[in-house]
Amino acid sequence: MGNPKAFLTIPRQEAGYRPLHDRVLDFSEVEQTLNTTERRAQASRCMDCGVPFCNWACPLGNRPPEWNDAIYKGKWELAYKLLTATNPFPEFTGRICPALCEKACVLNLTTHEPTTNREDEAAIMEIAFKEEYVKIANPERNGKKVAVIGAGPAGLAAAYKLNRKGYTVTVFDKNESAGGLLRYGIPNFKLNKAVIDRRLKVLEAEGITFKYNQEIDVTKLPAGFDAYVVSTGTPQARDLNIPGRELQGVHLALELLSQQNRILAGKEFKKSELVNCKGKNVLVIGGGDTGSDCIGTAHRQGCLSVTQIEIMPKPPVGPEDPANPWPNYPRILKTTSSHEEGCTRRWNINSLEFLGEDGKLTGVKVQPIDWKPNPEGGRPIMVPAGDPEVIKAEIVFLAMGFIKPQQPDFADNVFVAGDAANGASLVVRAMASGLQAAAKLDAWIKKQ
Ligand SMILES: Cc1cc2nc3c(=O)[nH]c(=O)nc-3n(C[C@H](O)[C@H](O)[C@H](O)COP(=O)(O)OP(=O)(O)OC[C@H]3O[C@@H](n4cnc5c(N)ncnc54)[C@H](O)[C@@H]3O)c2cc1C
Ligand code: SF4
(Lines give C-alpha, C1' and ligand atoms only; values in the text may rest on other atoms or scores of the structure.)
(Ligands and ions follow the chains in the order given, each with its own letter.)
Protein backbone atom coordinates (compact mmCIF):
# COMPACT_ATOMS: atom_id res chain seq x y z
CA MET A 1 0.00 0.00 0.00
CA GLY A 2 1.80 3.06 -1.32
CA ASN A 3 0.07 6.02 0.26
CA PRO A 4 -1.63 5.15 3.55
CA LYS A 5 -3.34 8.54 3.91
CA ALA A 6 -4.53 9.18 0.36
CA PHE A 7 -8.11 8.24 1.23
CA LEU A 8 -8.16 11.13 3.70
CA THR A 9 -6.89 13.77 1.30
CA ILE A 10 -7.99 12.75 -2.21
CA PRO A 11 -11.73 12.75 -3.01
CA ARG A 12 -13.29 10.18 -5.33
CA GLN A 13 -13.13 11.40 -8.90
CA GLU A 14 -15.19 9.72 -11.61
CA ALA A 15 -14.30 10.27 -15.25
CA GLY A 16 -17.95 11.18 -15.90
CA TYR A 17 -19.85 11.24 -19.16
CA ARG A 18 -19.34 13.19 -22.36
CA PRO A 19 -21.42 16.41 -22.49
CA LEU A 20 -25.07 15.60 -23.02
CA HIS A 21 -25.61 17.73 -26.15
CA ASP A 22 -22.65 15.98 -27.79
CA ARG A 23 -23.18 12.37 -26.76
CA VAL A 24 -26.82 12.06 -27.88
CA LEU A 25 -25.71 12.73 -31.46
CA ASP A 26 -23.86 9.42 -31.77
CA PHE A 27 -23.59 5.89 -30.39
CA SER A 28 -19.99 6.19 -29.18
CA GLU A 29 -19.24 5.33 -25.55
CA VAL A 30 -20.60 7.98 -23.19
CA GLU A 31 -18.02 7.43 -20.47
CA GLN A 32 -14.82 9.46 -20.49
CA THR A 33 -11.42 8.49 -19.06
CA LEU A 34 -9.10 10.10 -16.52
CA ASN A 35 -5.49 10.83 -17.41
CA THR A 36 -2.81 8.56 -15.95
CA THR A 37 -1.88 10.94 -13.12
CA GLU A 38 -5.51 11.21 -12.02
CA ARG A 39 -5.97 7.45 -12.34
CA ARG A 40 -2.96 6.76 -10.14
CA ALA A 41 -4.27 9.25 -7.58
CA GLN A 42 -7.62 7.44 -7.53
CA ALA A 43 -5.93 4.05 -7.14
CA SER A 44 -3.91 5.43 -4.21
CA ARG A 45 -7.16 5.92 -2.25
CA CYS A 46 -7.49 2.13 -1.80
CA MET A 47 -6.70 1.48 1.86
CA ASP A 48 -5.66 -2.19 1.59
CA CYS A 49 -8.18 -3.07 4.31
CA GLY A 50 -7.29 -6.03 6.52
CA VAL A 51 -10.45 -7.80 5.31
CA PRO A 52 -11.19 -6.36 1.86
CA PHE A 53 -14.95 -6.69 1.44
CA CYS A 54 -14.55 -5.77 -2.24
CA ASN A 55 -12.86 -9.12 -2.84
CA TRP A 56 -15.77 -10.93 -1.20
CA ALA A 57 -18.41 -8.83 -3.02
CA CYS A 58 -16.99 -9.35 -6.51
CA PRO A 59 -18.45 -12.55 -8.02
CA LEU A 60 -15.08 -13.16 -9.70
CA GLY A 61 -13.21 -12.65 -6.44
CA ASN A 62 -11.22 -9.77 -7.94
CA ARG A 63 -8.63 -8.24 -5.61
CA PRO A 64 -8.79 -4.47 -6.06
CA PRO A 65 -6.31 -3.64 -3.23
CA GLU A 66 -3.56 -5.53 -5.06
CA TRP A 67 -3.99 -3.98 -8.48
CA ASN A 68 -4.84 -0.53 -7.13
CA ASP A 69 -1.51 -0.54 -5.32
CA ALA A 70 0.26 -1.55 -8.53
CA ILE A 71 -1.49 1.25 -10.46
CA TYR A 72 -0.49 3.77 -7.79
CA LYS A 73 3.14 2.69 -8.14
CA GLY A 74 2.92 2.94 -11.95
CA LYS A 75 3.48 -0.83 -12.31
CA TRP A 76 0.83 -1.30 -15.01
CA GLU A 77 2.01 -4.70 -16.21
CA LEU A 78 1.88 -6.03 -12.68
CA ALA A 79 -1.61 -4.51 -12.27
CA TYR A 80 -2.65 -6.29 -15.48
CA LYS A 81 -1.31 -9.64 -14.24
CA LEU A 82 -3.00 -9.30 -10.85
CA LEU A 83 -6.32 -8.28 -12.41
CA THR A 84 -6.39 -11.04 -15.01
CA ALA A 85 -5.49 -13.65 -12.41
CA THR A 86 -9.19 -13.60 -11.47
CA ASN A 87 -10.96 -11.73 -14.30
CA PRO A 88 -10.68 -13.09 -17.86
CA PHE A 89 -12.15 -10.00 -19.56
CA PRO A 90 -11.80 -6.88 -17.39
CA GLU A 91 -12.31 -4.66 -20.43
CA PHE A 92 -16.00 -5.70 -20.30
CA THR A 93 -16.57 -5.38 -16.56
CA GLY A 94 -14.48 -2.19 -16.53
CA ARG A 95 -17.19 -0.65 -18.72
CA ILE A 96 -20.49 -2.15 -17.68
CA CYS A 97 -20.18 -3.80 -14.26
CA PRO A 98 -22.40 -2.20 -11.59
CA ALA A 99 -19.31 -2.59 -9.37
CA LEU A 100 -20.59 -4.69 -6.50
CA CYS A 101 -17.08 -4.26 -5.05
CA GLU A 102 -17.54 -0.50 -4.77
CA LYS A 103 -20.80 -0.96 -2.83
CA ALA A 104 -18.80 -3.07 -0.35
CA CYS A 105 -15.78 -0.73 -0.22
CA VAL A 106 -15.08 0.47 3.32
CA LEU A 107 -14.81 4.00 1.96
CA ASN A 108 -18.37 3.63 0.65
CA LEU A 109 -19.68 2.30 3.94
CA THR A 110 -18.10 5.19 5.84
CA THR A 111 -18.10 8.19 3.48
CA HIS A 112 -20.03 7.11 0.34
CA GLU A 113 -16.88 7.75 -1.67
CA PRO A 114 -15.64 4.28 -2.68
CA THR A 115 -12.53 3.62 -4.71
CA THR A 116 -13.04 3.69 -8.49
CA ASN A 117 -12.37 -0.02 -9.07
CA ARG A 118 -14.50 -0.41 -12.18
CA GLU A 119 -12.87 2.49 -13.99
CA ASP A 120 -9.46 1.34 -12.73
CA GLU A 121 -10.05 -2.04 -14.40
CA ALA A 122 -10.89 -0.41 -17.72
CA ALA A 123 -7.77 1.79 -17.45
CA ILE A 124 -5.51 -1.22 -16.77
CA MET A 125 -6.85 -3.04 -19.81
CA GLU A 126 -6.53 -0.12 -22.23
CA ILE A 127 -2.87 0.24 -21.20
CA ALA A 128 -2.38 -3.54 -21.31
CA PHE A 129 -3.58 -3.78 -24.92
CA LYS A 130 -1.68 -0.63 -25.97
CA GLU A 131 1.59 -1.73 -24.37
CA GLU A 132 1.12 -5.33 -25.59
CA TYR A 133 1.06 -6.86 -22.12
CA VAL A 134 -1.79 -9.01 -23.47
CA LYS A 135 0.07 -12.02 -24.86
CA ILE A 136 -1.24 -14.93 -26.92
CA ALA A 137 -1.05 -18.10 -24.80
CA ASN A 138 -0.09 -21.36 -26.46
CA PRO A 139 -1.35 -24.04 -24.07
CA GLU A 140 -0.18 -27.63 -24.33
CA ARG A 141 -3.15 -29.70 -25.60
CA ASN A 142 -4.54 -32.49 -23.41
CA GLY A 143 -6.29 -34.37 -26.22
CA LYS A 144 -9.83 -33.66 -24.96
CA LYS A 145 -12.50 -31.83 -26.94
CA VAL A 146 -15.12 -29.51 -25.46
CA ALA A 147 -18.11 -27.78 -27.05
CA VAL A 148 -19.45 -24.54 -25.62
CA ILE A 149 -23.00 -23.70 -26.70
CA GLY A 150 -23.55 -19.94 -26.52
CA ALA A 151 -20.86 -17.27 -26.93
CA GLY A 152 -22.07 -14.74 -24.35
CA PRO A 153 -19.83 -13.72 -21.44
CA ALA A 154 -20.47 -17.04 -19.65
CA GLY A 155 -19.55 -19.14 -22.68
CA LEU A 156 -16.55 -16.98 -23.54
CA ALA A 157 -15.22 -17.23 -19.96
CA ALA A 158 -15.67 -21.01 -19.95
CA ALA A 159 -14.02 -21.33 -23.38
CA TYR A 160 -11.10 -19.13 -22.29
CA LYS A 161 -10.46 -21.17 -19.15
CA LEU A 162 -10.82 -24.58 -20.78
CA ASN A 163 -8.60 -23.59 -23.69
CA ARG A 164 -5.92 -22.38 -21.28
CA LYS A 165 -6.17 -25.77 -19.53
CA GLY A 166 -5.36 -27.51 -22.81
CA TYR A 167 -8.81 -28.53 -24.06
CA THR A 168 -9.60 -28.12 -27.74
CA VAL A 169 -12.60 -25.80 -27.57
CA THR A 170 -15.30 -25.16 -30.18
CA VAL A 171 -17.87 -22.45 -29.42
CA PHE A 172 -21.24 -22.62 -31.22
CA ASP A 173 -23.59 -19.64 -31.40
CA LYS A 174 -26.86 -19.05 -33.19
CA ASN A 175 -25.91 -15.45 -33.92
CA GLU A 176 -23.58 -14.20 -36.64
CA SER A 177 -20.93 -13.19 -34.12
CA ALA A 178 -19.90 -13.74 -30.49
CA GLY A 179 -20.67 -11.72 -27.36
CA GLY A 180 -24.29 -12.61 -26.58
CA LEU A 181 -25.98 -9.69 -24.89
CA LEU A 182 -22.68 -7.81 -24.81
CA ARG A 183 -23.03 -7.50 -28.57
CA TYR A 184 -26.78 -7.81 -29.25
CA GLY A 185 -28.26 -6.23 -26.12
CA ILE A 186 -26.03 -3.69 -24.42
CA PRO A 187 -25.90 -0.53 -26.56
CA ASN A 188 -22.67 0.68 -28.14
CA PHE A 189 -22.82 3.85 -26.05
CA LYS A 190 -22.13 1.65 -23.00
CA LEU A 191 -19.83 -0.89 -24.66
CA ASN A 192 -18.11 -0.27 -27.98
CA LYS A 193 -18.21 -3.53 -29.94
CA ALA A 194 -14.59 -3.10 -31.07
CA VAL A 195 -13.75 -4.03 -27.46
CA ILE A 196 -15.40 -7.45 -28.00
CA ASP A 197 -13.74 -7.91 -31.41
CA ARG A 198 -10.33 -7.17 -29.89
CA ARG A 199 -10.86 -9.92 -27.29
CA LEU A 200 -12.18 -12.39 -29.86
CA LYS A 201 -8.99 -11.99 -31.90
CA VAL A 202 -6.99 -13.04 -28.82
CA LEU A 203 -9.26 -16.02 -28.11
CA GLU A 204 -9.08 -17.18 -31.73
CA ALA A 205 -5.30 -16.75 -31.83
CA GLU A 206 -5.09 -18.91 -28.70
CA GLY A 207 -6.82 -21.72 -30.56
CA ILE A 208 -10.56 -21.45 -29.81
CA THR A 209 -12.78 -22.21 -32.82
CA PHE A 210 -16.02 -20.22 -33.22
CA LYS A 211 -18.90 -21.54 -35.30
CA TYR A 212 -21.62 -18.99 -35.95
CA ASN A 213 -25.19 -19.19 -37.24
CA GLN A 214 -25.48 -22.58 -35.51
CA GLU A 215 -28.65 -22.92 -33.44
CA ILE A 216 -28.05 -26.02 -31.35
CA ASP A 217 -30.86 -28.13 -29.95
CA VAL A 218 -29.43 -28.69 -26.46
CA THR A 219 -31.27 -32.00 -26.16
CA LYS A 220 -29.16 -33.23 -29.11
CA LEU A 221 -25.71 -31.82 -28.45
CA PRO A 222 -23.20 -32.10 -31.31
CA ALA A 223 -21.31 -35.41 -31.37
CA GLY A 224 -17.55 -35.76 -31.09
CA PHE A 225 -16.90 -33.91 -27.84
CA ASP A 226 -15.83 -35.23 -24.43
CA ALA A 227 -17.89 -32.64 -22.53
CA TYR A 228 -20.09 -29.59 -23.00
CA VAL A 229 -20.84 -26.20 -21.49
CA VAL A 230 -24.36 -24.92 -22.15
CA SER A 231 -24.44 -21.12 -21.81
CA THR A 232 -27.43 -20.14 -23.89
CA GLY A 233 -28.64 -17.24 -21.71
CA THR A 234 -32.28 -16.32 -21.17
CA PRO A 235 -33.64 -15.89 -24.70
CA GLN A 236 -37.30 -15.45 -23.69
CA ALA A 237 -38.31 -11.94 -22.62
CA ARG A 238 -41.29 -11.41 -20.30
CA ASP A 239 -44.22 -10.24 -22.44
CA LEU A 240 -47.27 -8.13 -21.58
CA ASN A 241 -50.36 -9.83 -22.92
CA ILE A 242 -52.94 -7.10 -22.40
CA PRO A 243 -55.49 -6.04 -25.06
CA GLY A 244 -53.88 -4.42 -28.09
CA ARG A 245 -50.58 -6.35 -27.84
CA GLU A 246 -50.82 -7.07 -31.59
CA LEU A 247 -50.77 -3.37 -32.55
CA GLN A 248 -47.97 -2.11 -34.76
CA GLY A 249 -45.54 -0.21 -32.52
CA VAL A 250 -45.48 -2.60 -29.52
CA HIS A 251 -42.04 -4.21 -29.26
CA LEU A 252 -39.88 -6.20 -26.91
CA ALA A 253 -36.88 -4.12 -25.80
CA LEU A 254 -34.36 -6.35 -27.56
CA GLU A 255 -36.12 -5.86 -30.90
CA LEU A 256 -34.91 -2.26 -30.68
CA LEU A 257 -31.56 -2.82 -29.00
CA SER A 258 -30.28 -5.77 -31.02
CA GLN A 259 -31.40 -4.24 -34.31
CA GLN A 260 -29.71 -0.92 -33.51
CA ASN A 261 -26.45 -2.71 -32.63
CA ARG A 262 -26.63 -4.69 -35.88
CA ILE A 263 -27.25 -1.51 -37.89
CA LEU A 264 -24.16 0.03 -36.29
CA ALA A 265 -22.26 -3.11 -37.29
CA GLY A 266 -23.24 -2.46 -40.92
CA LYS A 267 -26.23 -4.76 -41.33
CA GLU A 268 -29.06 -3.46 -43.51
CA PHE A 269 -32.77 -3.91 -42.79
CA LYS A 270 -35.82 -3.39 -44.98
CA LYS A 271 -37.80 -0.25 -44.14
CA SER A 272 -40.72 -2.43 -43.04
CA GLU A 273 -38.48 -4.25 -40.51
CA LEU A 274 -37.03 -1.13 -38.89
CA VAL A 275 -37.80 -0.44 -35.23
CA ASN A 276 -37.22 3.28 -35.09
CA CYS A 277 -38.21 6.05 -32.67
CA LYS A 278 -37.59 9.07 -34.89
CA GLY A 279 -40.34 11.66 -34.40
CA LYS A 280 -42.25 9.42 -31.99
CA ASN A 281 -43.40 9.60 -28.40
CA VAL A 282 -41.79 6.59 -26.74
CA LEU A 283 -43.07 4.65 -23.74
CA VAL A 284 -40.77 2.18 -21.99
CA ILE A 285 -42.52 -0.31 -19.72
CA GLY A 286 -40.08 -1.53 -17.09
CA GLY A 287 -37.86 0.58 -14.86
CA GLY A 288 -34.60 -1.41 -15.00
CA ASP A 289 -31.37 -1.30 -16.98
CA THR A 290 -32.83 -2.72 -20.19
CA GLY A 291 -35.47 0.01 -20.10
CA SER A 292 -32.76 2.60 -19.54
CA ASP A 293 -30.86 1.30 -22.58
CA CYS A 294 -34.04 1.76 -24.67
CA ILE A 295 -34.22 5.39 -23.50
CA GLY A 296 -30.66 6.19 -24.61
CA THR A 297 -31.26 4.44 -27.94
CA ALA A 298 -34.55 6.29 -28.52
CA HIS A 299 -32.80 9.64 -27.96
CA ARG A 300 -30.08 8.79 -30.45
CA GLN A 301 -32.71 7.81 -33.02
CA GLY A 302 -34.38 11.23 -32.63
CA CYS A 303 -37.51 10.54 -30.59
CA LEU A 304 -39.92 13.32 -29.57
CA SER A 305 -40.25 12.27 -25.92
CA VAL A 306 -39.62 9.30 -23.63
CA THR A 307 -41.62 8.14 -20.62
CA GLN A 308 -40.57 5.17 -18.50
CA ILE A 309 -43.11 3.50 -16.23
CA GLU A 310 -42.53 0.90 -13.55
CA ILE A 311 -45.12 -1.14 -11.67
CA MET A 312 -43.09 -1.22 -8.45
CA PRO A 313 -42.71 1.75 -6.06
CA LYS A 314 -39.99 4.35 -6.48
CA PRO A 315 -36.84 3.13 -4.70
CA PRO A 316 -35.40 5.31 -1.96
CA VAL A 317 -33.02 8.05 -3.09
CA GLY A 318 -29.46 7.14 -2.01
CA PRO A 319 -26.76 7.14 -1.03
CA GLU A 320 -28.15 4.38 1.19
CA ASP A 321 -31.41 2.84 2.31
CA PRO A 322 -31.41 2.30 6.09
CA ALA A 323 -34.19 -0.30 5.62
CA ASN A 324 -31.92 -2.39 3.40
CA PRO A 325 -28.40 -1.96 4.80
CA TRP A 326 -25.17 -3.43 3.50
CA PRO A 327 -24.29 -6.26 2.84
CA ASN A 328 -27.60 -6.41 0.94
CA TYR A 329 -27.36 -4.97 -2.56
CA PRO A 330 -28.44 -1.30 -2.31
CA ARG A 331 -31.85 -0.97 -3.97
CA ILE A 332 -31.70 2.78 -4.35
CA LEU A 333 -32.85 5.04 -7.17
CA LYS A 334 -30.47 4.66 -10.11
CA THR A 335 -30.14 7.50 -12.58
CA THR A 336 -28.21 6.41 -15.65
CA SER A 337 -26.59 8.47 -18.40
CA SER A 338 -29.68 7.69 -20.50
CA HIS A 339 -32.05 9.05 -17.84
CA GLU A 340 -29.96 12.23 -17.73
CA GLU A 341 -30.56 12.63 -21.47
CA GLY A 342 -34.25 13.24 -20.82
CA CYS A 343 -37.08 11.03 -19.57
CA THR A 344 -40.25 11.26 -17.53
CA ARG A 345 -40.04 8.51 -14.92
CA ARG A 346 -43.11 7.21 -13.10
CA TRP A 347 -43.54 4.43 -10.54
CA ASN A 348 -46.55 2.46 -9.23
CA ILE A 349 -48.10 2.44 -12.71
CA ASN A 350 -49.92 -0.60 -14.10
CA SER A 351 -50.54 -1.01 -17.84
CA LEU A 352 -54.13 -1.92 -18.78
CA GLU A 353 -54.42 -1.74 -22.57
CA PHE A 354 -52.55 -0.76 -25.71
CA LEU A 355 -54.71 1.67 -27.71
CA GLY A 356 -54.53 2.19 -31.45
CA GLU A 357 -56.03 3.40 -34.69
CA ASP A 358 -55.86 1.54 -38.01
CA GLY A 359 -53.75 -1.15 -36.35
CA LYS A 360 -51.13 1.33 -35.15
CA LEU A 361 -50.35 2.17 -31.53
CA THR A 362 -51.45 5.62 -30.35
CA GLY A 363 -51.15 5.27 -26.58
CA VAL A 364 -51.32 3.05 -23.54
CA LYS A 365 -54.08 3.06 -20.94
CA VAL A 366 -52.43 2.90 -17.53
CA GLN A 367 -53.53 3.22 -13.92
CA PRO A 368 -51.75 4.45 -10.79
CA ILE A 369 -51.65 1.64 -8.23
CA ASP A 370 -50.49 0.98 -4.69
CA TRP A 371 -49.10 -2.08 -2.96
CA LYS A 372 -50.77 -3.27 0.28
CA PRO A 373 -49.29 -5.87 2.62
CA ASN A 374 -50.76 -9.32 2.02
CA PRO A 375 -52.57 -10.47 5.21
CA GLU A 376 -51.66 -14.06 4.28
CA GLY A 377 -48.00 -13.12 3.82
CA GLY A 378 -46.19 -13.40 0.50
CA ARG A 379 -46.27 -10.95 -2.37
CA PRO A 380 -48.02 -7.61 -1.56
CA ILE A 381 -51.44 -7.01 -3.17
CA MET A 382 -51.84 -4.46 -5.97
CA VAL A 383 -54.77 -2.03 -5.49
CA PRO A 384 -55.94 0.87 -7.70
CA ALA A 385 -54.80 4.30 -6.45
CA GLY A 386 -56.20 6.61 -9.12
CA ASP A 387 -58.26 6.81 -12.29
CA PRO A 388 -57.04 5.18 -15.50
CA GLU A 389 -55.30 7.58 -17.88
CA VAL A 390 -53.76 7.41 -21.35
CA ILE A 391 -50.07 7.97 -22.03
CA LYS A 392 -49.67 9.04 -25.67
CA ALA A 393 -47.13 6.86 -27.43
CA GLU A 394 -46.56 5.74 -30.99
CA ILE A 395 -43.96 3.17 -29.94
CA VAL A 396 -43.68 1.06 -26.79
CA PHE A 397 -40.84 -1.11 -25.51
CA LEU A 398 -41.44 -3.94 -23.07
CA ALA A 399 -38.45 -4.15 -20.75
CA MET A 400 -39.79 -6.34 -17.97
CA GLY A 401 -37.06 -8.90 -17.61
CA PHE A 402 -36.45 -12.39 -18.93
CA ILE A 403 -37.84 -15.81 -18.06
CA LYS A 404 -35.43 -18.27 -16.46
CA PRO A 405 -35.22 -21.23 -18.85
CA GLN A 406 -36.03 -24.77 -17.76
CA GLN A 407 -33.05 -26.94 -18.63
CA PRO A 408 -33.50 -30.60 -19.56
CA ASP A 409 -31.89 -33.34 -17.44
CA PHE A 410 -28.42 -33.29 -18.92
CA ALA A 411 -25.87 -36.12 -18.92
CA ASP A 412 -22.97 -35.90 -16.44
CA ASN A 413 -20.65 -34.39 -19.05
CA VAL A 414 -22.84 -31.27 -19.56
CA PHE A 415 -22.33 -28.16 -17.40
CA VAL A 416 -24.77 -25.24 -17.50
CA ALA A 417 -23.42 -21.72 -16.98
CA GLY A 418 -24.42 -18.04 -16.81
CA ASP A 419 -27.97 -16.76 -17.16
CA ALA A 420 -29.03 -20.15 -18.57
CA ALA A 421 -28.24 -21.63 -15.15
CA ASN A 422 -29.14 -18.80 -12.80
CA GLY A 423 -31.67 -16.59 -14.61
CA ALA A 424 -31.05 -13.09 -15.94
CA SER A 425 -28.29 -11.39 -13.99
CA LEU A 426 -25.05 -9.53 -14.64
CA VAL A 427 -22.06 -9.92 -16.93
CA VAL A 428 -19.71 -10.36 -13.97
CA ARG A 429 -21.90 -13.17 -12.58
CA ALA A 430 -22.15 -14.83 -16.00
CA MET A 431 -18.35 -14.77 -16.34
CA ALA A 432 -17.88 -16.16 -12.82
CA SER A 433 -20.39 -18.90 -13.58
CA GLY A 434 -18.57 -19.74 -16.85
CA LEU A 435 -15.28 -20.11 -14.97
CA GLN A 436 -16.97 -22.32 -12.36
CA ALA A 437 -18.49 -24.53 -15.07
CA ALA A 438 -15.06 -24.87 -16.67
CA ALA A 439 -13.54 -25.91 -13.32
CA LYS A 440 -16.30 -28.50 -12.75
CA LEU A 441 -15.93 -29.86 -16.26
CA ASP A 442 -12.16 -30.18 -15.82
CA ALA A 443 -12.60 -31.97 -12.46
CA TRP A 444 -15.15 -34.33 -14.03
CA ILE A 445 -12.88 -35.18 -16.99
CA LYS A 446 -9.97 -35.85 -14.62
CA LYS A 447 -12.09 -38.39 -12.71
CA GLN A 448 -12.95 -40.41 -15.85
C1 LIG B 1 -30.36 -4.68 -22.64
C2 LIG B 1 -29.51 -5.32 -21.58
C3 LIG B 1 -28.55 -4.54 -20.95
C4 LIG B 1 -27.75 -5.11 -19.96
N5 LIG B 1 -26.83 -4.33 -19.36
C6 LIG B 1 -26.00 -4.88 -18.45
C7 LIG B 1 -25.00 -4.10 -17.82
O8 LIG B 1 -24.88 -2.89 -18.09
N9 LIG B 1 -24.18 -4.70 -16.92
C10 LIG B 1 -24.28 -6.02 -16.62
O11 LIG B 1 -23.49 -6.53 -15.82
N12 LIG B 1 -25.23 -6.80 -17.19
C13 LIG B 1 -26.10 -6.25 -18.09
N14 LIG B 1 -27.06 -7.03 -18.67
C15 LIG B 1 -27.13 -8.46 -18.32
C16 LIG B 1 -26.04 -9.27 -19.07
O17 LIG B 1 -25.95 -8.86 -20.40
C18 LIG B 1 -26.33 -10.77 -18.97
O19 LIG B 1 -26.51 -11.13 -17.61
C20 LIG B 1 -25.19 -11.57 -19.57
O21 LIG B 1 -24.95 -11.21 -20.91
C22 LIG B 1 -25.49 -13.07 -19.48
O23 LIG B 1 -24.45 -13.78 -20.10
P24 LIG B 1 -24.68 -15.25 -20.70
O25 LIG B 1 -23.42 -15.60 -21.37
O26 LIG B 1 -25.19 -16.13 -19.61
O27 LIG B 1 -25.88 -15.11 -21.74
P28 LIG B 1 -26.05 -14.23 -23.06
O29 LIG B 1 -25.23 -12.99 -23.02
O30 LIG B 1 -27.50 -14.09 -23.24
O31 LIG B 1 -25.44 -15.15 -24.20
C32 LIG B 1 -26.09 -16.35 -24.59
C33 LIG B 1 -25.59 -16.73 -25.98
O34 LIG B 1 -26.14 -18.00 -26.30
C35 LIG B 1 -26.54 -17.99 -27.66
N36 LIG B 1 -27.56 -19.03 -27.81
C37 LIG B 1 -28.77 -19.09 -27.20
N38 LIG B 1 -29.42 -20.22 -27.55
C39 LIG B 1 -28.59 -20.87 -28.40
C40 LIG B 1 -28.68 -22.11 -29.11
N41 LIG B 1 -29.75 -22.90 -29.00
N42 LIG B 1 -27.65 -22.49 -29.92
C43 LIG B 1 -26.56 -21.69 -30.03
N44 LIG B 1 -26.43 -20.51 -29.38
C45 LIG B 1 -27.42 -20.12 -28.58
C46 LIG B 1 -27.05 -16.58 -27.88
O47 LIG B 1 -27.05 -16.25 -29.26
C48 LIG B 1 -26.03 -15.78 -27.08
O49 LIG B 1 -24.92 -15.43 -27.87
C50 LIG B 1 -27.90 -6.48 -19.64
C51 LIG B 1 -28.87 -7.26 -20.27
C52 LIG B 1 -29.67 -6.68 -21.24
C53 LIG B 1 -30.72 -7.50 -21.91
S1 SF4 C 1 -15.83 -7.14 -11.85
FE2 SF4 C 1 -17.31 -5.63 -11.03
S3 SF4 C 1 -17.56 -6.24 -8.87
FE4 SF4 C 1 -15.70 -7.28 -9.62
S5 SF4 C 1 -13.97 -5.88 -9.07
FE6 SF4 C 1 -14.62 -5.38 -11.19
S7 SF4 C 1 -16.12 -3.70 -10.98
FE8 SF4 C 1 -15.89 -4.68 -8.97
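The values are calculated or read from the model by the stated rules, or taken from the named source; none is laboratory data. Here the structure is a predicted model, which means the values were calculated and not measured. For neighbour counting, all protein chains shown are included, and Cβ atoms are generated from backbone atoms with ideal geometry for every residue, glycine included. Each accessible area value is taken on the protein alone, full model and side chains, heavy atoms only, with ligands, DNA and RNA left out. Shrake-Rupley method; radii C 1.70, N 1.55, O 1.52, S 1.80 Å.
Within the chain, which complete DSSP H helices have Cα atoms spanning at least 27 Å along the helix axis and a mean Kyte-Doolittle hydropathy of 0.0 or higher? Result, helices passing both filters: 427-447.
Given Cβ point charges of +1 (Lys, Arg) and -1 (Asp, Glu) and nothing else, what value in debye, to the nearest 20, does the dipole of the chain about its Cα centre take?
Values: 55 positive and 52 negative charges, 169 e Å.
My answer is approximately 800 debye.
Residues of region 170-187 falling in the label zone of SER28, defined by backbone nitrogen less than 18 Å from a point 7 Å along Cα to beta-carbon, are 187.
With springs only between Cα atoms under 10 Å, which of ARG23, ARG429, ARG141 fluctuates most in a Gaussian network model of the chain? Looking only at ARG23, ARG429, ARG141, the largest GNM fluctuation is found for ARG141. Run the helix sum for the chain: -39,500 (n - 2.57) per DSSP H stretch of 4+ residues, divided by residue count, reported at 222 nm to the nearest 500 deg cm²/dmol. Rounded to the nearest 500, the figure is -9500 deg cm²/dmol. Beyond 26 Å between alpha-carbons counts as too far, so tell me which of LYS220/LYS271; LYS404/LYS446; LYS174/LYS267 fall in that bin. Beyond 26 Å between Cα atoms: LYS220/LYS271; LYS404/LYS446.
As an exercise, use a Förster radius of 51 Å and the Cβ-Cβ distance of LYS145 and ARG238 to find the FRET efficiency, rounded to the nearest 0.05.
For R0 = 51 Å, the calculated efficiency reads 0.90.
Provide the FRET efficiency to the nearest 0.05 for the GLU126-LYS271 pair, computing r from the beta carbons and using R0 = 30 Å. Computed FRET efficiency for GLU126 and LYS271: 0.20.
Segment LYS75..TRP326, full-extension length gain: 87.1 nm, with 0.36 nm per residue of separation and the alpha-carbon distance subtracted. Averaged per residue, the chain has 48 square angstrom of accessible surface, using a 1.4 angstrom probe with ligands and nucleic acids left out.
Based only on the alpha carbon positions, what is the Kirkwood hydrodynamic radius of region 250-398, in angstrom?
For region 250-398, the Kirkwood estimate is 16.9 Å.
Of all aspartates and glutamates in the structure, those lying under 14 Å Cα to Cα from LYS5, and not within fewer than 8 positions of it along the same chain, are ASP48, ASP69. With Cα atoms defining each centre, region 293-362 and region 174-205 are spaced 27 Å apart in the structure.
Per atom type, the chain shows carbon and sulfur on 51% of its accessible surface, probed at 1.4 Å.
Qualifying GluC sites (Glu not before Pro) in region 1-105, where qualification requires a DSSP coil assignment and no more than 15 other C-beta atoms within 10 Å, comprise GLU14. Each of TYR133, THR170, ALA70 was scored by the projection of its Cα onto the charge dipole of region 37-178, and the greatest displacement toward the positive side belongs to THR170; charges sit on the C-beta of Lys, Arg, Asp and Glu. When the alpha-carbon atoms of the chain are used, the pair Rg, Dmax equals 23.0, 69 angstrom.
Pairs exceeding a 22 Å alpha-carbon distance, out of LYS81/LYS447; LYS144/LYS211; LYS278/LYS360; LYS103/LYS161: LYS81/LYS447; LYS103/LYS161.
Largest GNM mean-square fluctuation among ALA265, ALA253, ALA122, using the chain with Cα springs under 10 Å: ALA265. Remark: spin-label model distance TRP56-GLU14 equals 2.6 nm, labels positioned 7 Å along the Cα→Cβ axis. The trypsin sites (Lys or Arg not before Pro) of region 147-188 that DSSP puts in a loop, and whose beta carbon has at most 16 other beta carbons within 10 Å, are LYS174. Between LYS5 and THR110, the modelled labels are 1.5 nm apart [label points 7 Å from Cα along Cα→Cβ].
Positive-end ranking of THR86, THR9, ASN192 along the dipole of the chain, with charges on Cβ about the Cα centre, is headed by THR86. Taking 0.692 mPa s as the viscosity and 37 °C as the temperature, the Stokes-Einstein diffusion coefficient of region 392-446 based on its alpha-carbon Kirkwood radius rounds to 245 µm²/s. Treating r as the C-beta distance of ASP48 and ASN413 and R0 as 41 Å, the FRET efficiency rounds to 0.45. Extension gain, GLN406 to LYS447: 0.36 nm times the residue separation minus the Cα-Cα distance gives 12.0 nm. Beta bridges per DSSP, both residues in region 250-398: antiparallel share near 50 percent. Considering only TRP76, TRP56, TRP371, the Gaussian network model of the chain with Cα springs below 10 Å gives its largest mean-square fluctuation to TRP371.
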